[in-house]
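Written below as structure tokens is the structure these notes are about.
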Amino acid sequence: MNPPFPPDWKCPRRVGFLFPHACLRATPLGCPDCQNGQIEDPYAMRSDRFGYSRFDYYTDDYFLDLGSVYDPGVPDTAPIDFSEADGTDLVTPGNEFETDMTES
Amino acid sequence: MAVDVNRLHTEGLYESRAPVAALTADLEQIQQLATAWHQARRRLAKGAALAFGVGVICFATGTLWFLGTVLFGLGGWFLYRMKNYPKTVANRGERCAFGKSLAAMIAADAAPEAMAVFRLAFTAQQETLSEGPLAGRKNGKEKLWKESWFSVEAGLCDGTTFSETIDDLFRQRSFTNARGKSKTKTRKQSIIAMRLDYPSEIYGDLTPFRDRMQKEIQLPPGSAVRALEVSGKAVKVKALSEPGTAESLAQASSMLALGVYRILNLSRQVEARKRAQTKPGGPQ
């Protein structure tokens, strides 16, 4: 959105250092977080978190630790643990890479 | 909020209960004051050294003894004037830098009008922890004490109450060596104790995440997590940090909070998803 902003406009961008929260500033002009509206997601783009370079990103193993509570990649009804049937599904017919001993 | 300069001067202490936004301005003012006092002390010390030096030369000549007396008096007056600029505040300006860094971290996640209780001591009280003989050394003695010089408590805009304290832990060992000389060795470490009282209705129960949190916390070289306690309402973490600059201590504090919050944020996502699942009409 470009200026002028409506009187009741609140910045919808995510800001914060430890956790994301709404910016809610009335204007991005002079904003140290989005730098005059140039940064779309100031929370994710912060570069002052020392060793935590991808602070807002979690690999699947984070969710696997939670057991059957939550899995972001599959429908909610799917069990988190692989079953024997799942193992069968993973085998692609015709793929003999594992059994072909001609290559080193 | 104006800084109580008189209290800073006499007790070497800054305490406030003020909005987070006002803290940075106060600390900036104290840091400028500390720098000015440090420079004033240096100027007076140089003046005293010069006066005493020239005074000694005057006495050595034999004829200028009166001038030497005046210069010695002047040197003494310079040293006396140094008392107007407390050494502890003047030499510990880096504690302000640490306080500013932490205040900035809190300000990024607190409402501007949120109140913070802040304490920064330049002259901290020594609290003796233990004192006794040092085994295996002639005339060996060991003393442990701590100085609590920093504490902060503030409410963040997610409903979490963040609090942190810094204690300097000292270990002093004194003994007589084989050549009969008396030796004293002092070692210092800083203890960072952090507590986050989180709202369980947003973050759920973090107790099952304890091990993951322990793995997640990264600290700079020279710092290590010593204790982590996770309950259904609070996360308490304690880290030891080797003596370093204010910057390295501030970095350790920030990284500690980031490590805890990385798991809090994960738990919040999970809780939000669980709520969506249990809502009527939500995903089945």
**Study point:** Unmet requirement for B:Leu71, which otherwise passes all of (1) surrounded by fewer than 17 Cβ atoms within 10 Å (Cβ to Cβ); (2) outside any strand (DSSP E or B)
**Key:** (1)
Check your understanding: Of the residues B:Ala276, B:Ala250, B:Ala257, which is modelled with pLDDT of 95 or more and in a helix (DSSP H, G or I)?
Key -> B:Ala257
Point to revise | Complete set of residues in the stretch B:8-46 that are within 30 Å of B:Leu71 (Cβ to Cβ) and small (Gly, Ala, Ser) | key: B:Ala36, B:Ala40, B:Ala45
**Study point:** Filter result for B:Ala107 (within 21 Å of B:Val152 (Cα to Cα) and in contact (Cβ under 8 Å) with a residue 60 or more places away in the chain)
**Key:** yes
Review point. Hey, any hits in the stretch A:38-55 for a residue that's surrounded by fewer than 10 Cβ atoms within 10 Å (Cβ to Cβ), modelled with pLDDT under 60, closer than 27 Å to B:Asn265 by Cβ and within 14 Å of chain B (Cβ to nearest Cβ)?
Key: no
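The values are calculated or read from the model by the stated rules, or taken from the named source; none is laboratory data. Owing to the predicted nature of the structure, the values given are computational and were not obtained by experimental measurement. Glycine also receives a Cβ, built like all others from the backbone with ideal geometry; neighbour counts cover every protein chain displayed.
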